[in-house]
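Worksheet for the structure shown next.
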Amino acid sequence: MLIKEFVLENEKQTKNLAKNLGENIKPPFYIALKGDLGAGKTTFVQGLAKGIETDPAYYITSPTYNIIQTYPGKTFLIHSDLYRIYGIEELELTGFNDLLEEQNSVLAVEWPEKIENDFDFDLIIEFKITSFDKRKIRLISCGRKAELLLKKISF
């Protein structure tokens, strides 16, 4: 397990770190995004989308009400927010498992606590609000694939 921590001063730094991560990801890749409301999870996914070359015609928004949003591009982005679901069984009814069959994809899941006992993530990212704009972000590898990725990431 490899852990990296970053203190990010603003939204731009959050997006830049995520873009750097996305540029180095080898799909399929599954990311758990943990943090309070407003901690920067969706902002991070916006930067990640640029890094994996999601079609720029699409604006990345929080899928809080949709549960899952997908975005085409060089790499297929699956962005999910599980805040409103009760567990893996309910998520499966949305077609979630069908989306995971796409091998050239990156999955970013907000509120992964709802399924983490039933799903294997490659990377866990923890967001902590330290002031109005400042965030502490902790990246935790969950296997060799993410460990190699984190070794490439600098900020």
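Overview of results
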read-out	value
Test: residue in region 139-152 that is within 16 Å of the chain's Cα centre (by Cα), surrounded by fewer than 12 Cβ atoms within 10 Å (Cβ to Cβ) and under 19 Å from Pro28 (Cα atoms)	no
Whichever residue in region 47-69 is among the β-branched types (Val, Ile, Thr) and touching a helix residue (DSSP H, G or I) at 6+ places or on another chain (Cβ under 6 Å) and, among such residues, is surrounded by the most Cβ atoms within 10 Å (Cβ to Cβ)	Ile52
Any hit, region 128-136, residues being in contact with an Asp or Glu (Cβ under 8 Å, 6 or more places away or on another chain) and without any contact (Cβ under 8 Å) to a residue 40 or more places away in the chain	no
Region 103-133: number of residues that are of a type in the set (D, E, K, R) and loosely packed, with under 15 Cβ neighbours inside 10 Å	4
Count of residues meeting criterion [at pLDDT below 95 and over 17 Å from Glu147 (Cα atoms)] in region 17-41	7
Checklist (1) assigned to a strand (DSSP E or B); (2) aliphatic (A, V, I, L, M); (3) in contact with a His (Cβ under 6 Å, 6 or more places away or on another chain) applied to Val45, failing item	(1)
Condition met for Phe44 (aromatic (Phe, Trp, Tyr), in contact with a strand residue (DSSP E or B) (Cβ under 7 Å, 6 or more places away or on another chain), within 28 Å of Ser131 (Cα to Cα) and surrounded by 16 or more Cβ atoms within 10 Å (Cβ to Cβ))	yes
Looking only at region 23-38, and only at residues there that are in contact with a Phe, Trp or Tyr (Cβ under 6 Å, 6 or more places away or on another chain) and under 10 Å from Phe121 (Cα atoms), the one that is surrounded by the fewest Cβ atoms within 10 Å (Cβ to Cβ)	Tyr30
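The values are calculated or read from the model by the stated rules, or taken from the named source; none is laboratory data. Keep in mind the model is a prediction, meaning the values are calculated, not measured. All Cβ positions, glycine included, derive from the backbone under ideal geometry; neighbour counts span all protein chains shown.
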